[in-house]
Amino acid sequence: MTFEELGVREDLLKAIAEMGYENPMPVQEKVIPHLLNEDNDVVALAQTGTGKTAAFGLPVLQRIDVELLAPQALIIAPTRELCLQISGDLADYSKYIDGMKVLPVYGGSSIESQIRAVRAGVQIIVATPGRLIDLIERKVVQLGTVHTVILDEADEMLNMGFVDDINNILSYVPEERKMLMFSATMPPEIAKIAARFMHNPEEYVIGTRNEGAENVRHIYYLVHARDKYEALKRVADSNPNIYGIIFCRTRRDTQEIADHLIQDGYNADSLHGDLSQQQRDMVMKKFRERNLQILVATDVAARGLDVNDLTHVINYGLPDDTATYTHRSGRTGRAGKTGVSVAIIHSKERGKIKEIERKIGKQFEHGEVPTPQRIIEKQLFNLADRIEKVEVDEAEMAKYMPAIQKKLEWLSEEDLLKRVLSLEFNRLLDYYRDAPQLDIVSTKKEGKKDRKGEPRNDEEKDRRVAEKGYERLYINAGKADGFFAVNLIDLLNQNTHGQRVDVGRIDLLSHYSLFDVRKGDAHRVVSALKGADFYGTRIYCEIADAEKDYAAESKRDGKKEGKKGKDKRDKRGDDKPLNRRERRALKFGDSGAEKPRKNGEDFPRDADFAPKPKRRETEGDGKPDKPKKAASKREKKGNFDKFSKKKH
């Protein structure tokens, strides 16, 4: 099938041939002949990047009467960027049609210049809903002569809240018109618009309803929430020639991730609604021209950004609805090329992966986060490839080669190659030295666990070897002391300063605990916790020693407790641990003993057990002062609690 066989006119064929169009894509094969020859309307379900603009643009241009300087076709797009892209494509298609005028109408640009252009006469208006309504209400745009209406990316307009605007605009268009609606998905609201405004619409589905793009691999990496940014960097590092978009859920996340990537040396920038229109245009221009490798964007800001050669789409946070994921992933794998859609998720998002798989009809691959060895290998091969393909200016280099050869003649070929590679990769090698594994590893095969997922025996908890990249630390407080994970985190927060400490596995035993921290933080944590206080227990922390028997040492330490400590234990025996009430008594004295809580009273706090000041006695007989007579009204107001207690 060729464009000529579809019925496309000669002047349009000449223009698209110069643009590199050879054979029509599936959506073009179905839509072009229908628009040229049939009277009923069209609903086309097709992914972004499947050739939709040419599918409606070529027949629309062919149906325009260039002698009539009045709006004849109206194309509505959700964003300024898509609006400009469509109008640019139509201008290219109509290169050899004299008198054809296409006007983009959108917010963020001078409305006066757009008013002047409309009054000068146009045949095709490509508009965003808000600005178009503004021009209609000003009586500038008259839609009485429009015979073709096209809604592009209708589901995106629905997501952006434009349904009422669309209904308003269509009320100004004549009933006798041809209408086309393009959408990647078909939610119920879009079906309602079709039922209300379209005449016996023909539905064309390219692929399967709501499915993902055919040429896209879907991969997810499962990591702890705190490790998502590190996993993102590893994905980027393992793909040296990445050209992709990272999607975030909020503007704040978008800017923060972009800032971190730029600080870490990546060629990245952000795109979100807090940027001015001029800033957004500049960022998108840089990205389209491939002066940026990575664009961090929100879904709204990236709509209308049409780039055909994306290698990756990375979901830093999964969207709430499947349709948004479909739009994201559809930005790669276009025009017959392959692409990768990556999702970096934590354990609570696994359910979303299953839901998306069910809706798009495709399976996600559970990938392993690239290891440092794999990343370094890929980067070295990429550098070798660049060295191999670099263009050498022989004439200019000849001037300098003799002196350089003399300077480096003492180096062998192998030594020279090592030094060239090390120039660029010493930083990467240093960065990934002792880097930990980021994947959440399933431990189901390691042995039976209890309901909370913890090992059943103390022997497994007492291991002294940390995960790769971490250091195992000992602390002299355990469950018998009322010491749990939350207490450890509190101690770290209260006593360490500077960068946050990343804590790995925590194993709590009776009289001591073992926990993992990153190697770079180990000595800082040991120094910070030494001498800290936990309910009268003086904390001691050290790097876990594989030779020490901490259980035996803890028992010996218990027997060496002072007389005060022994006296404070209950009558059950000296070897039994203090309970919560006893620990309070040890810290605050006898006043720390808890009393039964009466109905309506609050639970006791530490401050409630502090010793109360003794009552002042008289100098004469040593007896306590007699209570004073009833206080005045003024005094009662100032001492309301005491007064109300007496009254009750």
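Quick look at the numbers
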quantity: Number of the exception - Lys399 against (1) open to solvent by 90 Å² or more (accessible area, probe 1.4 Å); (2) in contact (Cβ under 8 Å) with a residue 24 or more places away in the chain; calculated: (2)
quantity: Odd one out for Ala268, checked against (1) surrounded by 15 or more Cβ atoms within 10 Å (Cβ to Cβ); (2) touching a residue at least 60 places away in the same chain (Cβ under 8 Å); calculated: (2)
quantity: Breaking point among (1) open to solvent by less than 30 Å² (accessible area, probe 1.4 Å); (2) closer than 26 Å to Gly20 by Cα; (3) at pLDDT 90 or above, for Lys101; calculated: (1)
quantity: Yes/no for Asp309 being open to solvent by 50 Å² or more (accessible area, probe 1.4 Å) and closer than 22 Å to Asp152 by Cα; calculated: yes
quantity: Cross-chain or 6+ apart pairs with Cβ under 8 Å, the stretch 94-109 first and over 23 Å from Leu132 (Cβ atoms), then small (Gly, Ala, Ser); calculated: Lys95/Ala15; Tyr96/Ala15
quantity: Search result, residues across the stretch 14-51 that are in a helix (DSSP H, G or I) and out of contact with any helix residue (DSSP H, G or I) (no Cβ under 6 Å at 6 or more places or on another chain); calculated: Lys14, Ile16, Ala17, Glu18, Pro26, Glu29, Lys30, His34, Asn37
quantity: Residue check, Ile356 open to solvent by less than 80 Å² (accessible area, probe 1.4 Å), part of a helix (DSSP H, G or I) and within 24 Å of Ser238 (Cα to Cα); calculated: no
quantity: Lone qualifier among Val300, Val296 - being in contact with a His (Cβ under 9 Å, 6 or more places away or on another chain) and surrounded by fewer than 18 Cβ atoms within 10 Å (Cβ to Cβ); calculated: Val300
quantity: Criterion (in contact (Cβ under 8 Å) with a residue 40 or more places away in the chain, open to solvent by less than 10 Å² (accessible area, probe 1.4 Å) and out of contact with any Ser or Thr (no Cβ under 8 Å at 6 or more places or on another chain)) met by exactly one of Leu261, Leu318, Leu232; calculated: Leu232
quantity: Yes/no for Ala77 being of a type outside the set (D, E, K, R) and either under 17 Å from Leu90 (Cβ atoms) or out of contact with any helix residue (DSSP H, G or I) (no Cβ under 6 Å at 6 or more places or on another chain) (or both); calculated: yes
quantity: Among (1) open to solvent by 20 Å² or more (accessible area, probe 1.4 Å); (2) within 26 Å of Gly161 (Cβ to Cβ); (3) outside any helix (DSSP H, G or I) - the single one Gln85 does not satisfy; calculated: (3)
quantity: Test for Glu156: is it at negative phi and open to solvent by 30 Å² or more (accessible area, probe 1.4 Å); calculated: no
quantity: Filtered residues of the stretch 467-476 (kept if in contact with a helix residue (DSSP H, G or I) (Cβ under 7 Å, 6 or more places away or on another chain) and either surrounded by fewer than 16 Cβ atoms within 10 Å (Cβ to Cβ) or of a type in the set (Ser, Thr, Tyr) (or both)); calculated: Tyr470, Tyr474
quantity: Filter result for the condition that a residue is at pLDDT 90 or above and not hydrophobic (A, V, I, L, M, F, W, C), over Arg518, Arg524, Arg505; calculated: Arg524
quantity: Condition met for Asp306 (touching a residue at least 24 places away in the same chain (Cβ under 8 Å), acidic (Asp, Glu) and within 19 Å of Tyr106 (Cα to Cα)); calculated: yes
quantity: Options Ser412, Ser442; residue that is of a type in the set (Ser, Thr, Tyr) and at pLDDT 75 or above; calculated: Ser412
quantity: Scope the stretch 405-442; condition of a type in the set (Val, Ile, Thr) and closer than 20 Å to Glu388 by Cβ; matching residues; calculated: Val420
quantity: Hey, Ala195 assigned to a helix (DSSP H, G or I) and open to solvent by less than 40 Å² (accessible area, probe 1.4 Å) or not; calculated: no
quantity: Any hit, the stretch 323-331, residues being more than 19 Å from the chain's Cα centre (by Cα) and surrounded by 22 or more Cβ atoms within 10 Å (Cβ to Cβ); calculated: no
quantity: Unmet requirement for Leu61, which otherwise passes all of (1) closer than 24 Å to Met284 by Cβ; (2) outside any strand (DSSP E or B); calculated: (1)
quantity: Top-ranked residue of the stretch 511-547 - restricted to ones that are of a type in the set (Asp, Glu) and more than 35 Å from the chain's Cα centre (by Cα), ranked as most open to solvent (accessible area, probe 1.4 Å); calculated: Glu547
quantity: Hits in the stretch 407-437 (condition: of a type in the set (Asp, Glu), over 30 Å from Tyr229 (Cβ atoms) and part of a helix (DSSP H, G or I)); calculated: Glu413, Glu414, Asp415
quantity: Residue, surrounded by the fewest Cβ atoms within 10 Å (Cβ to Cβ), within the stretch 477-510, restricted to residues that are assigned to a helix (DSSP H, G or I) and out of contact with any strand residue (DSSP E or B) (no Cβ under 8 Å at 6 or more places or on another chain); calculated: Val486
quantity: Flag if Gly339 is open to solvent by less than 30 Å² (accessible area, probe 1.4 Å), out of contact with any Pro (no Cβ under 7 Å at 6 or more places or on another chain) and over 21 Å from Leu428 (Cβ atoms); calculated: yes
quantity: Set Ala323, Ala343, Ala384: member being without any contact (Cβ under 8 Å) to a residue 60 or more places away in the chain and either hydrophobic (A, V, I, L, M, F, W, C) or closer than 30 Å to Arg226 by Cβ (or both); calculated: Ala384
quantity: Those residues of the stretch 139-158 which are of a type outside the set (Asp, Glu), part of a helix (DSSP H, G or I) and in contact (Cβ under 8 Å) with a residue 60 or more places away in the chain, in sequence order; calculated: Met157
quantity: Number of the exception - Pro370 against (1) loosely packed, with under 14 Cβ neighbours inside 10 Å; (2) modelled with pLDDT of 85 or more; (3) farther than 30 Å from Pro188 by Cα; calculated: (1)
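Yes/no matrix, rows are residues, columns are (1) over 20 Å from Gly367 (Cα atoms); (2) in contact (Cβ under 8 Å) with a residue 40 or more places away in the chain; (3) acidic (Asp, Glu):
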{"residue": "Asn215", "(1), (2), (3)": "no, yes, no"}
{"residue": "Tyr220", "(1), (2), (3)": "no, yes, no"}
{"residue": "Lys228", "(1), (2), (3)": "no, yes, no"}
{"residue": "Asp237", "(1), (2), (3)": "no, yes, yes"}
{"residue": "Asn241", "(1), (2), (3)": "no, yes, no"}
{"residue": "Gln278", "(1), (2), (3)": "yes, no, no"}
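Condition check ((1) basic (Lys, Arg); (2) surrounded by 15 or more Cβ atoms within 10 Å (Cβ to Cβ)) across all residues:
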position: Arg177; (1), (2): yes, yes
position: Leu180; (1), (2): no, yes
position: Asn241; (1), (2): no, no
position: Glu256; (1), (2): no, yes
position: Leu275; (1), (2): no, yes
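The values are calculated or read from the model by the stated rules, or taken from the named source; none is laboratory data. Bear in mind the structure is a predicted one, so any value in this text is a computation, not a measurement. Please note: Cβ atoms are built from the backbone with ideal geometry, for glycine as well, and neighbour counts cover all protein chains shown. These accessible areas exclude ligands, DNA and RNA; they are computed on the full protein's heavy atoms, side chains included. Shrake-Rupley method; radii C 1.70, N 1.55, O 1.52, S 1.80 Å.
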